[in-house]
Amino acid sequence: MHIQPNNQGIIRCFKAHYRAKFIQRAIDLYESGTTPSLIYDIDQLEAMRLADEAWREVDTSTIRNCWCKAGILPDYQSNIPPIQPSLPISSLIHSTS
């Protein structure tokens with residue numbers, strides 16, 4: 001558990017968001033008239049876009065709680081609100097120097 005804190009629930013949360021987006025995409029395709037046998041077809045780029053959107057929906061409190069449960073971070077017993085980054089980490093990835 002200490003080595004793989006993501007197995008504590010982060011991956012489960014990410015997969016739930018991804019599946020919801022994938023199913024919504026299939027419903028949208030079906031409603032737009034796409035053949036039912038093709039509504040689940042997806043190329044790699046679109047799957048990566050869905051994964052990116054799903055990851056952005058994983059809350060920082062989910063990660064913090066999983067890491068606390070794994071013993072990586074100390075338990076927070078006080079009522080101090082969680083610190084939210086002022087700059088999204090994803091913006092650093094997409095920035096150009």
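Annotations
- Residue count, region 6-54 (criterion: surrounded by 11 or more Cβ atoms within 10 Å (Cβ to Cβ) and outside any helix (DSSP H, G or I)): 6
- Of residues in region 55-76 being open to solvent by 90 Å² or more (accessible area, probe 1.4 Å) and farther than 15 Å from Ile11 by Cβ, the one modelled with the lowest pLDDT: Tyr76
- Residues in region 15-45 that are basic (Lys, Arg) and at pLDDT 95 or above: Arg19, Lys21, Arg25.
The values are calculated or read from the model by the stated rules, or taken from the named source; none is laboratory data. Note that this is a predicted model, so its numbers are computed, not measured. Note: ideal-geometry Cβ built from the backbone for every residue, glycine included; neighbour counts use all protein chains shown. Side chains are part of the model used for accessible areas, which takes the heavy atoms of the whole protein and leaves out ligands, DNA and RNA. Shrake-Rupley method; radii C 1.70, N 1.55, O 1.52, S 1.80 Å.
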